[in-house]
Amino acid sequence: MRQIIIAGNWKMYKTVRDASEFLQEFLQHLEHTPEGREIVLCIPATSLWVISKSLHGSRIRLGAQNVHWEEEGAFTGEIAPGMLTEIGVRYVVVGHSERRQYFGETDETVNKRLIAAQKAGLKPILCVGETKAQRDSGETEKIIISQLEKGLPGVDLAQLVIAYEPIWAIGTGDTCEVKEANRVIGVIRSQLSNPDVPIQYGGSVKPNLIDEIMAQPEIDGVLVGGASLVPQDFARIVNYF
Ligand code: 13P
């Protein structure tokens, strides 16, 4: 059985105060959320510790947005896996296109981060996806298969989430057509030896689209940027159907 995972990625938004205010309102909307849905918030590192304490006993799981592969060392600006697990973080986004594009993340460093995260007991959310130019030149499948082939050696598929995030759909309001997202996610699944890996769609997911997205047979959840910053919007998303 594939798990449904609805995750918010706050990126570089919200101070601790903003995060606390968000939660006060968001938690009120979870009373009737069906049990089987895992709800994850991947928030800035500065808020993880405080929010972890305030989420104690709630059904929201905490996620980070990056993790280093070493247990400690002279790596200014990085965060070790054990630093995250110590404060109750369960998930971590790895290989987001913004990290690949702006911070030199490669499939090789993505692979190291995935392995280290799992070794520490974190469940990584591996992001894959093509650019507009790659899609237009018919390379979507080739790019994604290559990201998986280079990113996944040595990774435990039983402790992994994958997010299909077409780069051209991120932050643009230009959501991937749901049937197409479903098709590409089917391609991703066909590359995996474990059919139970939850595979999310990400890229301009909005409340008005969520029911249609979650009705697709291959799509096991969503990774939401902008709409996860607004309590009512993210509540509508986790309470889809
Ligand atoms: P948006 O939902 O803002 O397009 O962001 C998607 C994303 O990058 C989630 O990781």
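General remarks:
- Residues that are open to solvent by 40 Å² or more (accessible area, probe 1.4 Å), more than 11 Å from the ligand (Cβ to nearest atom) and in a helix (DSSP H, G or I), drawn from the stretch 222-241: Q232, R236
- Considering only residues in the stretch 190-215 that are among the polar types (S, T, N, Q) and surrounded by 17 or more Cβ atoms within 10 Å (Cβ to Cβ), the one that is farthest from I6 (Cα to Cα) turns out to be S204.
- Among (1) free of Cβ contacts under 8 Å to residues at least 40 places away in the same chain; (2) more than 16 Å from the ligand (Cβ to nearest atom); (3) closer than 25 Å to H29 by Cα - the single one V89 does not satisfy: (1)
- Filter result (surrounded by fewer than 16 Cβ atoms within 10 Å (Cβ to Cβ) and either among the acidic types (D, E) or touching a Lys or Arg at 6+ places or on another chain (Cβ under 8 Å) (or both)) within the stretch 1-28: D18, E21, E25
- Of all the listed residues (V40, V50), the sole one being within 16 Å of the ligand (Cβ to nearest atom) and among the aliphatic types (A, V, I, L, M) is V40.
- Restricting the stretch 157-189 to residues that are acidic (D, E) and either more than 12 Å from the ligand (Cβ to nearest atom) or closer than 16 Å to M1 by Cβ (or both) leaves a set whose member that is most open to solvent (accessible area, probe 1.4 Å) is E177.
- Residues of the stretch 46-77 that turn out to be surrounded by 15 or more Cβ atoms within 10 Å (Cβ to Cβ) and closer than 18 Å to L114 by Cα, as a count: 8
The values are calculated or read from the model by the stated rules, or taken from the named source; none is laboratory data. Quick caveat: nothing in here was measured; it's all calculated off a predicted structure. When we count neighbours, we look across all protein chains shown, and the Cβ atoms used for this are built from the backbone with ideal geometry, even at glycine. SASA here: full protein model, heavy atoms, side chains in, ligands and nucleic acids out. Shrake-Rupley method; radii C 1.70, N 1.55, O 1.52, S 1.80 Å.
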